[in-house]
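Contents: one structure, followed by commentary.
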Amino acid sequence: MKAARAKTPRRPKKPTNPTLKDPVGVYCRVRPLSRADQECCIEVINDTTVQIHPPEGYRVFRNGEYRETQYSFKEVFGTLVVQKELFDVVAKPLVEDLIRGKNGLLFTYGVTGSGKTHTMTGSPGDGGLLPRCLAMIFNSIGPFQAKRFVFKLDDKNGVDVQSEVEALLERQRREALPVPKTPSGKRQLDPEFADMINVQDHCRVEEVDEDNVYGVFVSYIEIYNNYIYDLLEEAPFESIKPKWNSCNTPVRNGDFVPPQSKILREDQNHNMYVTGCTEVEVKSTEEAFEVFWRGQKKRRIANTQLNRESSRSHSVFIIKLAQAPLDADGDNVLQEKEQITLSQLSLVDLAGSERTNRTKAEGNRLREAGNINQSLMTLRTCIEVLRENQLYGTNKMVPYRDSKLTHLFKNYFDGEGKVRMIVCVNPKAEDYEESLQVMRFAEMTQEVEVARPVDRPLCGLTPGRRLRNQAFREELSRKLELRGGPIGAEPEEPSAAELFFQSFPPLPSCELLDINDDQTLPKLIEALEQRHKMRQMLAEEFSKNVLAFKTMLQEFDSSVASKENYIQGKLAEKEKTITGQRTEMERLEKKIKTLEYKIEILEKTATIYEEDKRNLQQELESKSQKLQRQASDKRRLEARLQGMVTETSLKWEKECERRVAAKQLEMQNKLWVKDEKLKQLKAIVTEPRAERLERPSREREREKPLPRSVSPSPAPSAPAAPLRPRRSRSAGERWVDHRPPGHVPTETLLQPRVPRAITVDAPSEKALARCDRYLLTHQELASDGEIQTKLIKGDVFRTRGGGQAVQFTDIETLKQESPTGRKRRSSPPDPDPAGDAADSEWTDVETRCSVAVEMRAGSALGPGYQHHAQPKRRKP
């Protein structure tokens, strides 16, 4: 017969009813102080509340602040609470759910040295939660256990069921292998843990399905430095023999090969399991706890300053319970994989969180402490994200994969079973800050809700099959006993047939030696007749027994029917109760829907208000930005207007100065003309008479307008009169005199003179850096064919990049004009030599004064000069 494989419990769908969620049950246990003179910082207020207050030294360090904080739990266990009371409240409901096919998770949490391992394992004479759970399981299912290897776990987190013949062959094969046998309950217990499992209360589950058969499997793993190790794995060479060195740390054998870490996998139902983990089938409490103790010796522990035997890893003891219903006859296991259920209970002893500045850990101990604290921090982060998702309706991803611890148990927080946590605290003052963090985490964990697992479906067979089969066997045994059958043993067909033939009289010898033998056949006939009579008597007796047995069966059926009627009545009452409860649940659901609708309306209203608030804030911000931009534009406009006003003021100041200077020069020129006329008049008056007669003619010639020359004189012979130098307003500044290489010298006496100048043919940064003013001499051909020279002036200033720049401010234009010929007065045919000399001298002065300097209005050098010092008319 092929083995039928059972499915692991499917993850229940997320219930639509929010009331089908249970919060994580958090309990607090306070361990007693090690010494009576130690300062205590934790006080039990009542059955559900503890109060924690800072110690004296902490108050002084915190400037005398004194703040007491109270934390509430589902139940608080003080220092005098025994292990049985803790087990009845916390672990017993999980064992009941385990037998009913539901999963459970129980873990202890706290700082190092707070009593977590003692709570889970116990001490000699006072067993902890783990041995009590094992004892309750086997006390409940003891008479209903299947034979060994009827249930067989596979390597994919499932279970197969085999027939009794296949299980027998499996047992014989295992016994023939040269491997160490699994512990047996009949062996003598190790005195090291014998007192821990000596539980006298005989606690058991009341309502156990007697029509099922059960099988218990245990496994034991540890999570060390975020790696998973199998504590039940056999060593390749020899078993682990812990040796202790001077530092009180375990030393492994040199020939021992350390075990390989295991991998977490996800089965087809999205449940997490450890692949390749050793799972041992156990049949008694003693056998199961011996397996646990064998793995406990391999667990990593070390001596620290806070705990002599500090756990350096998280240990997980997993109890799997496989159960399958009996067939309709109540004799064999039902070979249907849909009816097989596998549930598990995980008991976790977390390593304690610790601060390295207190433990003084170094090397491996420091790395172990870091990994322990990191895994506990990941657990806290997962709880925080779950709480936030449930309270605020967010959908953040829970970081289960950040740690092997949270990844292994993520199914429980997703609705795989009940979750219980025992917070162990040490009330001594030195652990105040660590205990405060533990209390905060525990209080936050209580707000996380876990979906309630669904109930196991019914198999559909008639209940009481095992009892009926047992009653039938007992009755058959009793009947056989009355007929001389074996007592205390089940009859077998060969022994009953043998007994039946022995009751007949023996047959005589049937051998005929003589033809005249008349005695053998009559004796045989007589013996056969006796046997025939005895057979008829047995047939009548058998018929009577059959009738009696039928009557008994009818009575039994009537009793069963009455019991079924009674049960049906009870079920009807239960159905009524359930109907009433469903009605109440529907009423509450309607009320919840009404409240949810109101909450939704309020949330929408709040959303609208929030949206209006955001819009108003955005509008306010936009208006504020607009006002800021307007203020900035106003400041820029004011600065621009101020610059324009300043520039216009400077411009008009320069224009006024230019006009005043031009007017002053005009007046000076007029005065100069008058002076010249006076000098000429004086010369006429003081001139000899002979010359005075010819004066009008010269005067007339002088009054005639002189034509301007188109081109300069090729070689002016008489020296020109010196031009009055003009004083610059920036006489103390240095100039850069830029004359291009193609500059043509004019060879006139009146040349522009630039004081304190550096003459260059091309501007350079070095020359510009040493000077303040810039002068560019530019020559071009005028419209009349003469050379026209422009003096372009500017200011030199520094730029932000460290260079030099020139800003042009003024332009002067120099023009050169020469007379067509020398002006000579008319003279008689026989001129006087003295007169010629005087006329020549006057003509030379006139020629020299014929050169004029012309410039733009507003020039710093003032207006130009013309012949007879008559100033030109210039446009303002």
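The values are calculated or read from the model by the stated rules, or taken from the named source; none is laboratory data. Because the structure is predicted, anything quoted here is derived from the model rather than measured. Every residue, glycine as well, gets a Cβ built from its backbone with ideal geometry; the counts of neighbours run over all protein chains shown. We work out accessible area using only protein heavy atoms, side chains counted, and drop any ligands, DNA or RNA first. Shrake-Rupley method; radii C 1.70, N 1.55, O 1.52, S 1.80 Å.
Packing, taken as the mean count of other beta carbons within 10 Å per residue, orders the peptides 209-215, 785-791 from highest to lowest as 209-215, 785-791. In plain terms, the chain from S649 to K682 could stretch by 7.0 nm, reckoned as 0.36 nm per residue minus the Cα-Cα distance. Centre-to-centre, using Cα atoms only, region 414-436 and region 778-802 are separated by 93 Å.
Taking the 1.4 Å solvent-accessible surface of region 593-658 as the whole, the part contributed by carbon and sulfur is 58%. Note on region 523-572: with neighbouring protein chains present and a 1.4 Å probe, carbon and sulfur make up 61 percent of its accessible heavy-atom surface. Distance from the alpha carbon centroid of region 554-603 to that of region 136-170 works out to 35 angstrom. Estimated from the Cβ-Cβ distance and a Förster radius of 22 angstrom, the FRET efficiency linking V744 and K766 is about 0.20. Per residue, the accessible area of region 70-136 comes to 29 Å² when a 1.4 Å probe rolls over the protein heavy atoms. With 27 Å as the limit, the listed pairs K479/K563; K544/K570; K116/K152; K337/K570 have K544/K570; K116/K152; K337/K570 beyond it between alpha carbons. Pairs from the table (K92/K593; K298/K410; K74/K102; K410/K604) lying more than 29 angstrom apart at Cα are K92/K593; K410/K604.
A simple spin-label model places the labels of K815 and M585 11.8 nm from each other, with each point 7 Å out along Cα-to-Cβ. Taking 7 Å steps out from each Cα toward its Cβ at Q268 and D675 produces label points 12.9 nm apart. Per residue, the accessible area of region 355-447 comes to 44 Å², computed with a 1.4 Å probe over protein heavy atoms only.
Calculated FRET efficiency, R636 to L616, Cβ-Cβ distance, R0 = 30 Å: about 0.50 to the nearest 0.05. With the highest mean first, a sort of the peptides 657-667, 571-581, 68-78 on other beta-carbon atoms found within 10 angstrom per residue produces 68-78, 657-667, 571-581.
Computed packing ranks the peptides 370-378, 522-530 as 370-378, 522-530, most packed first, by mean other Cβ atoms within 10 Å. Modelled spin-label separation between R531 and E603, with each label point placed 7 Å from Cα along the Cα-to-Cβ direction: 9.2 nm.
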